[in-house]
Each structure stands twice: as C-alpha cells, then as structure tokens.
C-alpha cells in the first residue's frame, strides 16, 4: 500500500530502497567470479542453463536471450545457452507426470554435461525446483551459479558462486538481478576475451 503517499514520493522511496540494495561491492565481486565461468563456457563450447520461477523465470528467459544474442561478436564463438523455464509443454509434462519440484532437474539430467553451467535464480533461495536442478547439476559436475536474495536460503550451499542481494523485498531483489544480467551481458559483449 502507498499509505496515501503521492506517486512521486512513493517512487522516490522505492528507488532509494533499490539503491540501498545495490550498496557495497557484492555485485562487483560476484561478477568477477561469474565472468570467467561464462568466458570459459564460451571458449570451450559448454552450455549455460538458466532457470527460476515466476519473475525469476522471466529473468532466466531474458538472460538466455541477452547472453545468446547480445554477445555475438567477431572473433568470438557464440554462447550456447538455454532457459529451462521456456519449454512449457515439457515443464507441464514433468509437473503432471512426476512433480513440479522436478521440472528443471529432469531437463538438467537430459541436457547437462560435465563442465556446463547451471544458473539458478530465486529471490528466496528456497524454491524446491531450483534446488533440485542445482543438486542434479552438481551430480553432473557442472558449475553452479545462483542469483539469490533474502540471505541466500538453502540455495547458497548448492552454488559454486552465489550472488546474494542483501534484501528481502522481492521487487528490489529482482531489480538487482536485472542489473546484474545487463552488466554481465554488456561486459561479455564488450570484453576482448
């Protein structure tokens, strides 16, 4: 609720809270760890799989698109990437025939190979289907990366690299995840490596 605040006041307060979620150097440290993993995957022809629920599913689709298309550059191989949140008929088949908690894990079992990258996105860090996919990725000896909020939840322990937004507000967490995505894609596009 806006509690009777004007739109301008509400917007200023929202943006200030988002700025607070960006404070510190955790984004820079996270990107410094994630970028080499993505660069190695591109160089070695490894696949990168993105997955999440709700707004994080949309972020996984957006990440796959930006990393797959925005980063195309002369002299560089293309990224092999896919959002596991996109094949709706497959997701519904696994949810119906097995359980919703397996919708990403079963795709990781089919598609993931040693050296690939699994990037899970969860504001809470406790989404059962994201956790299951990361468990399967670890079994397959994939590198596991997490974009998380709310302290990291159970997901933090399953990630080789965890970028944890210091907020429990889902909108601010998702705002920061999008900033991280755009920074990552832009850097990979503009980098000489």
Looking for something modelled with pLDDT under 95, out of contact with any helix residue (DSSP H, G or I) (no Cβ under 7 Å at 6 or more places or on another chain) and closer than 30 Å to residue 91 by Cα - is there at least one such residue anywhere in the stretch 42-52? no
Any residue that is over 13 Å from the mean Cα position of the chain (by Cα), surrounded by fewer than 21 Cβ atoms within 10 Å (Cβ to Cβ) and part of a helix (DSSP H, G or I) - is there at least one of those in the stretch 115-126? no
Name the single residue, out of those in the stretch 72-90 being within 18 Å of the chain's Cα centre (by Cα) and at pLDDT 95 or above, that is surrounded by the most Cβ atoms within 10 Å (Cβ to Cβ). 84
Are there any pairs, at least 6 apart or on different chains, whose C-beta atoms fall under 8 Å, with the first in the stretch 1-24 and touching a residue at least 12 places away in the same chain (Cβ under 8 Å) and on the phi > 0 side of the Ramachandran plot and the second surrounded by 10 or more Cβ atoms within 10 Å (Cβ to Cβ) and part of a loop (DSSP other than H, G, I, E, B), and if so, which? 24/166
Out of (1) at pLDDT below 95; (2) under 18 Å from residue 33 (Cβ atoms), the odd one out for residue 150 is which? (2)
Taking the condition of being in contact with a strand residue (DSSP E or B) (Cβ under 6 Å, 6 or more places away or on another chain) and in a loop (DSSP other than H, G, I, E, B), how many residues in the stretch 25-84 meet it? 1
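The values are calculated or read from the model by the stated rules, or taken from the named source; none is laboratory data. Note that this is a predicted model, so its numbers are computed, not measured. Neighbour counts are summed over all protein chains in view; Cβ atoms, including those assigned to glycine, are modelled from backbone coordinates with ideal geometry.
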